[in-house]
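*Asks:* Questions regarding the structure given below will be posed in turn.
The values are calculated or read from the model by the stated rules, or taken from the named source; none is laboratory data. No experiment lies behind these values; they were computed from the predicted model shown. A quick note on method: Cβ atoms are made from the backbone with ideal geometry, for glycine too, and the neighbour counts reach across all protein chains shown. These area figures cover heavy atoms from the full protein model, side chains too; ligands, DNA and RNA do not enter into them. Shrake-Rupley method; radii C 1.70, N 1.55, O 1.52, S 1.80 Å.
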Amino acid sequence: IYTDPAKRLELYFRPKDPYCHPVCANRFPTSTMLLRVRRSTKKKQQLGAEDQIQPEVQFEMEILGIVTTVYKFQGMSDFQYLAMHSGPDGKQTSMYDKVLMLKPEKEEFFNKDLPLYIPPPIFSRLDTPVDYFYRPDIQHRSGYNNPQVSGENLIGLSRARRPHNAIFVNFDDEEIPTKPLDAAVQNWKKVCTNPVDKKVEEELRKLFEVRPVWSRNAVKANISVHPDKLKLLLPYLAYYMLTGPWRSLWVRFGYDPRKHPEAKIYQVLDFRIRCGMKSGYAGTDMPVKAKRSTYNYSLPITVKKQGSHTVSVHDLKQGLGSAGTSGAKKPPSSSYKLKESVYIFREGALPPYRQMFYQLCDLNVESLQKIIHRNDGTESECTERDGWCLAKTSDDLRDSMSLMIKQIIRSTRPALFSNTTSSEDGKEQLAYESGEEEDDEEEEEEDFKPSDGSENEMETEILDYV
């Protein structure tokens, strides 16, 4: 806990009770001293019968060091839930010996009739009292009717997303948009007030003229633009594909990749690094980190949120440090460009993450481009799974890329492959199907679904533009 300033220190009053809810302490900086105090008592000798013995007390103090960090428990500690059962007479009965298995038990232990005990799935996110300032009831004019409430505007766990007015298109949609929404135009014009923003807009227009389909990471690797401004600029120049071979990509207004066979090179490939026992190396053997992991999950109550600067329209107008006024607060780095490795695959280099979304034209390997262009000039139909490519093209690309990555890991850590076997034709057998990641079980390939392979990444990006 000490190594991570964003975490809170947990204290369990009943450590052996799995249902015990912890009390969390916040971290504070301090400059105090740690003292060791010793109290010694000496008894004086009795001089006479009338004299009383008066002990002599002495204190010795020693400075052991300086304390720079302190944890203070400031929250309430009454969020507890005990494994108890209330009988008809109101008597409370403990159920710990009935629900906790502390040793191997026989079948009779599991067949006992017990009262229903369901602990709460989640406790309050807050452990400090908060004053609520309720608004008074609004007095409407006569004849006013409340609007219809739908599932989209009900109170949820988090605030409603700020609309960025992006247009979403499915593969089955007949028409594609030719211009942005009026709200998207107004949003961009509202913040595009300095020369840097206009220059970024022209640069992005040129990118879409050269290449009509782009991923967001590819744009961020070619243009230095603040992420909050990019959220407003992309819906102004392009629409977002939800399903099909161009899913999770931004397409220039008026361009329909389903009608142009040359758009084959812009299709997306969902690639995941294969690892596991059958591959000969585990996830920990690769110098490639996962984007997210359940092992690093922390409850919201145990995380101390850092104070962040709220981005306002005024900040966006000032350029957010790009080229605003002299009084504007500048970020540590004036460049927001990403590295090319976030969207380009090169032979001999590992991807930055275990799951990557590549466009086919960004696979800079000659052997992979040969697989992509096998049917050049003979494209007859654009399908939702393979687009303008031959069937199973994505699987062939993943196999070749996985073999390249395996050879890279073999060269860096040859001890992992000391028992690797090869097939009769000399090619090494690959372990997993393309949809698996860090899974030791072999599964058959499932039928294709429109959002198959990119669900988690797409939902993350879609929420930024809804």
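*Asks:* Please pick out the residue among Tyr281, Tyr236, Tyr240 that is at pLDDT below 70 and among the aromatic types (Phe, Trp, Tyr).
*Replies:* Details: Tyr236 fails: at pLDDT below 70; Tyr240 fails: at pLDDT below 70.
Residue meeting the stated conditions: Tyr281.
*Asks:* Okay, moving on. Restricting attention to strands (runs of 3 or more DSSP E) lying wholly within region 1-109, give those where 2 or more residues are charged (D, E, K, R) and touching a Gly at 6+ places or on another chain (Cβ under 8 Å).
*Replies:* Details: elements: 9-11, 23-43, 55-72, 84-86, 92-94.
Those strands (runs of 3 or more DSSP E) do not exist here; none qualify.
*Asks:* Considering only residues that are farther than 17 Å from Val219 by Cβ and over 21 Å from the mean Cα position of the chain (by Cα), look in region 236-256 and name the one that is surrounded by the most Cβ atoms within 10 Å (Cβ to Cβ).
*Replies:* Applying the filter and picking the extreme gives Pro245.
*Asks:* What's the total number of residues in region 352-375 that are of a type outside the set (Asp, Glu) and either at positive phi or part of a helix (DSSP H, G or I) (or both)? First the steps, then the outcome.
*Replies:* Of region 352-375, the ones of a type outside the set (Asp, Glu) are 352-361, 363-365, 367-375.
Add one more test, that the residue is either at positive phi or part of a helix (DSSP H, G or I) (or both), and what stays is 360-361, 367-372.
Number of matching residues: 8.
*Asks:* Considering Asp197, Asp182, which residue is surrounded by fewer than 19 Cβ atoms within 10 Å (Cβ to Cβ) and not small (Gly, Ala, Ser)?
*Replies:* Values: Asp197 fails: surrounded by fewer than 19 Cβ atoms within 10 Å (Cβ to Cβ).
Unique residue meeting the criteria: Asp182.
*Asks:* Pairs only if they're at least six apart or on different chains, beta carbon under 7 angstrom, first in region 115-134 and within 20 Å of Val303 (Cβ to Cβ), second open to solvent by less than 100 Å² (accessible area, probe 1.4 Å) and hydroxyl-bearing (Ser, Thr, Tyr); list them, first residue then second.
*Replies:* Taking only residues 6 or more apart or on different chains, the pairs are Pro120/Tyr81.
*Asks:* Hey, Pro22 hits all of (1) more than 40 Å from the chain's Cα centre (by Cα); (2) open to solvent by less than 70 Å² (accessible area, probe 1.4 Å) but one; which does it fall short on?
*Replies:* Going through the list (1) more than 40 Å from the chain's Cα centre (by Cα); (2) open to solvent by less than 70 Å² (accessible area, probe 1.4 Å), Pro22 breaks only (1).
*Asks:* Can you find a residue in region 104-113 that is at pLDDT below 85 and not aromatic (Phe, Trp, Tyr)?
*Replies:* No; the residues of region 104-113 include none that is at pLDDT below 85 and not aromatic (Phe, Trp, Tyr).
*Asks:* When region 185-194 is examined, which residues are found to be open to solvent by less than 20 Å² (accessible area, probe 1.4 Å) and aliphatic (A, V, I, L, M)?
*Replies:* Val191
*Asks:* Sort out which residues of region 61-91 are open to solvent by less than 100 Å² (accessible area, probe 1.4 Å) and farther than 30 Å from Ile1 by Cβ, and write them in order of number.
*Replies:* Once the filter is applied, which keeps residues that are open to solvent by less than 100 Å² (accessible area, probe 1.4 Å) and farther than 30 Å from Ile1 by Cβ, region 61-91 yields Met84, His85, Ser86, Gly87, Gly90.
*Asks:* Any residue in region 50-78 that is under 30 Å from Phe123 (Cα atoms) sitting within a Cβ distance under 7 Å of a residue that is modelled with pLDDT of 85 or more and loosely packed, with under 10 Cβ neighbours inside 10 Å? List the pairs, counting only those 6 or more apart or interchain.
*Replies:* Here the result reads Thr69/Pro29, each pair linking region 50-78 to a residue that is modelled with pLDDT of 85 or more and loosely packed, with under 10 Cβ neighbours inside 10 Å.
*Asks:* What are the residues in region 112-139 that are open to solvent by 100 Å² or more (accessible area, probe 1.4 Å), of a type outside the set (A, V, I, L, M, F, W, C) and out of contact with any Lys or Arg (no Cβ under 9 Å at 6 or more places or on another chain), if any?
*Replies:* Scanning region 112-139 gives Asp113, Pro121, Arg125, Pro129, Asp131, Tyr132, Tyr134, Arg135, Pro136, Asp137, Gln139.
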